[in-house]
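See structure below.
Every number in this text was worked out from the coordinates using simple rules, so none of it is lab data. Here the structure is a predicted model, which is why all the values come from computation and not from measurement. FYI the Cβ positions are ideal-geometry reconstructions off the backbone, even for glycines, and counts take in every protein chain you see.
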Amino acid sequence: MALDPPAERRFAEEVGPTVRRLTGVVGVALGLSLVLASCGDGKSSGSGSGDGARSTVIAIAAEPLEYINPLNENGSPGIQVAMAMFAPLVTTDPNTGKLLNVMADSVTPDKNSQTWTIKLKPGNTFQNGQPLTAKDYVDSWNLTAQGSTAWKNNGFFSKIEGYDALNPETPDGATPKPTAVKALSGLKQVDDLTFTVKLKVPFSQFGLTLQYFGLAPLPEEVRKDPDAYKRKPIGNGPYKLAADWNAGDDIKLAKWDGYKQTAPDADAITFRFIPNADTAYNEFQAGTVDFVGVPSTKIKSFKDDAPDQWVTSVSSGANYLTLPAWDERFKNPKLRHAFSMAIDRKAYADLVGLAEPAKALVAPDMVGYRADACKYCDFDAAKAKQLLAEAGGFSGPVNINYSTTSATGQIFAEALGNMIRQNLGLEVKYTGKQGSEITELADTRKLDGLRFSGWGHDYPSIEDYLTPMFKSTGDANFSGYSNPKLDQVLAQGDAQPDPDAAIKLYQQAEDIALEDMPLIPLITKSDAFLHSAKIEPRVSKYVGVSALWATFK
Amino acid sequence: MIRFVLRRLLAAIPIGVIVTLGVFALVFAMPGDPLRELAGDKPIPAAVLAAKRAQFHLDEPFLVQYLLSMKDILTGNFGTTFAGADIADQLRLRIPVTLKLTLLANAVQWTLGLIFGIYAGFKRNGLIDRSLLLVTLVLLAVPGLVAYFAAQFVFGVQLKWFPVSGVLEGFPNSYLLPALVIGVLGFAGLARLMRTSIVETVNADFVKTARAKGLGEQRVLWRHILPNALLPVVTFIGLDLAGMFGGAIITESIFNLPGLGQFMFQAIKLKEGGVVVLLSTLAFLSFIVINLLVDLLYGILDPRVRHV
């Protein structure tokens, strides 16, 4: 499924503070907080991009993009660029966490949250001058929902009625053929500025998902021949391409004067791609970029390297220790609670750096987050031992899997292993594997023992933590957890049109998951960014750090 | 001579098959699914996955995948990377970057290596010779990774003599710092070899004979000592030049130079077998050509091994 703008989800061995994934479809998450942007401070850029009073050079620690098409993009680097060039239907107010309309005039669910009516504001156009209409949304979405188009945000539309007709089962090895049906039956244009979306089942959070930049509309000429516009996208957002953009070039954007909604401060923005995060950091220190994400290697030193020029924000994501539901030895919830209480989260968070102990299954920047939701997440060695005894002990060594892709994987695994060994008196062993291999083993239910996992939401709702990871059919349910009671409460929340009542239901689901504890909450990380003296990045409790929306001093 | 060249080129064919097959097998054997790697852990819709698999032949058995890759390479139909980049375009952009870096670095390395090596060889046990031994010992002990980052920090970030990374300032500015570091690190081995070779040759009987028959020092040096002393050095330079590509993987990543090394690094990370094999084939071809040139040069320097 796809995700939301502020955040892309990923289930990774380690949620790092920077954009680690270089070409990830997926990526990274952590929302606006991952927007690694940087601004040329104009004095030594040497690139010619830093001229002008309000220009920003945004460095992205990733391989250069190959195309700009938000509908075929769900990695953090691509979405970051899309955020500047395209405008979403709705967005999260950085001050209040409430939903704000951008392109949409209103988004209204029916009684049971199954059919949604979206009305657009009049007078908005694309950067080629064409008016933005409901047809542009309907046709762009239909094009993406068609399986044979093979665009990455295809999965987002699977909640909409008629998706299956556009995505028939393909036999292994066959290329999907375009289907006779070209349109989602649940997507209907009412008039020039109104369209309706009928979902397969009620889903009260659908309005929130509409802020994802991967749902951007494409104008007709682009829809006809998307390949021809790979490197000259036509957006509907505050910035447009300022110069030709060729392979390997920086992406240079200038303010588009046709944008009628609230726009960021900068007159010009340059995205510079520097795949090596340490090199990007050095570029910042040399004064050639003004905003950069702090790589994990610099967590301990960045405050000295750039005094008064750093910001941090709680990373929009959560980190867990995952227990395998397919291993009988871990079945007893008391044993799971024993493991949880044997972990000294404070010590572990200090080791990781820029982290805080977590006692909930959802991220702290979510509406509906409860700081002390977990009753079994306080460090208490005696209680842990007692619970373990009540559960009948544990046979054999506890295996902890860690990712060798990350430099710190083994260190963190051993830290946790030592806590389990000392506080529970169990034998512990460690297995290092590639991150993707661990995921694959877990997917096929063959993984032996514990693993680390992390999750960043796609849209800012606690539902986007609970459904993917804890619903029995959840698409990131890598612990293999299943509890019909929880599925039922989630379904009730999905059908509940009143947001506050829905959150209450989702919190009930979180409580059930905490009692069963397929995942043990570990820590919440923060992301750190450096910025030059001339800008002040926007820092929001709800959407993290944004360089795009920085203010100039 | 022509027969020699032809024989060498023919012999390269089976070696090429073994090399490419081996490299492809290694990439194939890497754990994890390439598309899963590309997608992180986010579930990709089945239809998108199937389309991608078919596009990149990932659903075929190993040998078929290999043969399809080789066919694409031999017919010049390179296709696109997993991320959607046109590979032919990438090569056009990246080959000049790597060539500029490699040639500049080699120029630095050969100049330093030959000058210091020859001088130290003739003035054995002098101040230069002794300092050279000490300096090269230190240089040989410094790991490249450390030197690159240290140089970037000191000369790029602190002193601002060179750009920190990237190719925005063009040639040669953007390439100077990495080339200097590679060159300085690499010159140590070359200088030592050159010195030793000179020292050995200076004491050879034919040099004594030359001196005994009254030849001037200059003539002894240029006609008798140098050509003979250069023989092992030429071999070394040939191997070193061909091996530069491997070093470029690290250098280009740290200095953000969009060359073949960075491309290779990315392809390995994403398990893009086709790209890795293509780049390995390029490296292999340059290796074969350079070594052929070295062997021909060898014949010119030393008539004893001349290929008639």
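Each residue of region B:121-129 in turn: what ³J(HN,Hα) in whole Hz from Karplus with 6.51, -1.76, 1.60 and θ = phi - 60°, glycine and Pro shown as x?
Taking θ as phi minus 60°, the curve returns x, 7, 9, 4, 6, x, 5, 4, 4 Hz for region B:121-129.
How large is ³J(HN,Hα) for each residue in region A:338-349, as worked out from phi by the Karplus curve 6.51 cos²θ - 1.76 cosθ + 1.60 (θ = phi - 60°), to whole Hz, x for Gly and Pro?
4, 4, 4, 7, 7, 9, 8, 5, 5, 4, 5, 4
For chain A, what is the mean residue ellipticity at 222 nm derived from helices alone (per DSSP H run of n ≥ 4: -39500 (n - 2.57); sum divided by total residues; nearest 500 deg cm²/dmol)?
After summing the helix terms and dividing by the residues of chain A, the value is -7000 deg cm²/dmol.
Could you tell me which trypsin sites (Lys or Arg not before Pro) in region B:247-308 are loop residues by DSSP with no more than 14 other beta carbons within 10 angstrom of their beta carbon?
B:306
Determine the relative contact order of region B:1-133: mean sequence separation of Cα pairs under 8 Å and six or more apart, normalised by residue count, in whole percent.
Here the relative contact order equals 11 percent.
Between residue A:551 and residue B:204, how high is the FRET efficiency from 1/(1 + (r/R0)^6) when r is the Cβ-Cβ distance and R₀ = 60 Å? Nearest 0.05.
Efficiency computed from Cβ-Cβ geometry: 0.20.
One quarter of the convex hull surface, Cα atoms only: what value does that give for chain B in nm²?
20.3
Quick one: the Cα spread of region A:321-424 along its three principal axes, in angstroms, biggest first?
So the extents along the principal axes, rounded to whole Å, are 37, 33, 27.
Per residue of chain B, what 222 nm ellipticity follows from adding -39500 (n - 2.57) for every DSSP H run with n ≥ 4, rounded to the nearest 500?
Mean residue ellipticity, 222 nm, calculated: -24500 deg cm²/dmol.
Of B:241, B:198, B:260, which is farthest towards the positive pole of region B:91-269's charge dipole, taken about the Cα centre with +1 and -1 on the beta-carbons of Lys, Arg and Asp, Glu respectively?
Comparing the listed Cα positions along the dipole, B:198 ranks first.
First obtain the Kirkwood hydrodynamic radius of the protein assembly as shown from its Cα pairs, then insert it into the Stokes-Einstein equation at 10 °C and 1.306 mPa s, and state the resulting D in µm² per second as a whole number.
Calculated translational D: 54 µm²/s.
Please rank A:519, A:321, B:112, fewest neighbouring Cβ atoms within 10 Å first, as an exposure proxy.
With the fewest neighbours first, A:519, A:321, B:112 line up as B:112, A:321, A:519.
Relative contact order of region B:237-288, please, whole-number percent, based on alpha carbon pairs below 8 angstrom and at least 6 residues apart.
Normalised by residue count, the contact order of region B:237-288 is 32 percent.
At q = 0.20, 0.21 Å⁻¹, what log₁₀ I(q)/I(0) does region A:162-305 have when each alpha carbon counts as one equal point scatterer in the Debye sum?
Each listed q maps to, in turn, -1.30, -1.35.
When 1/r is averaged over all different Cα pairs and the result inverted, which Kirkwood radius in Å belongs to region A:442-553?
This gives a value of 16.5 Å.
In Å and whole numbers, how far do the C-alpha atoms of region B:91-269 stretch along each principal axis, longest first?
61, 34, 27
Enter the mean number of other protein chain beta carbons within 10 Å of the beta carbon of each residue in B:164-172, as an integer.
Other-chain Cβ atoms within 10 Å of each residue's Cβ, averaged: 5.
Under a Cβ-only charge scheme (Lys and Arg +1, Asp and Glu -1), can you give me the dipole magnitude of region B:177-232 about the Cα centre, in debye to the nearest 20?
160
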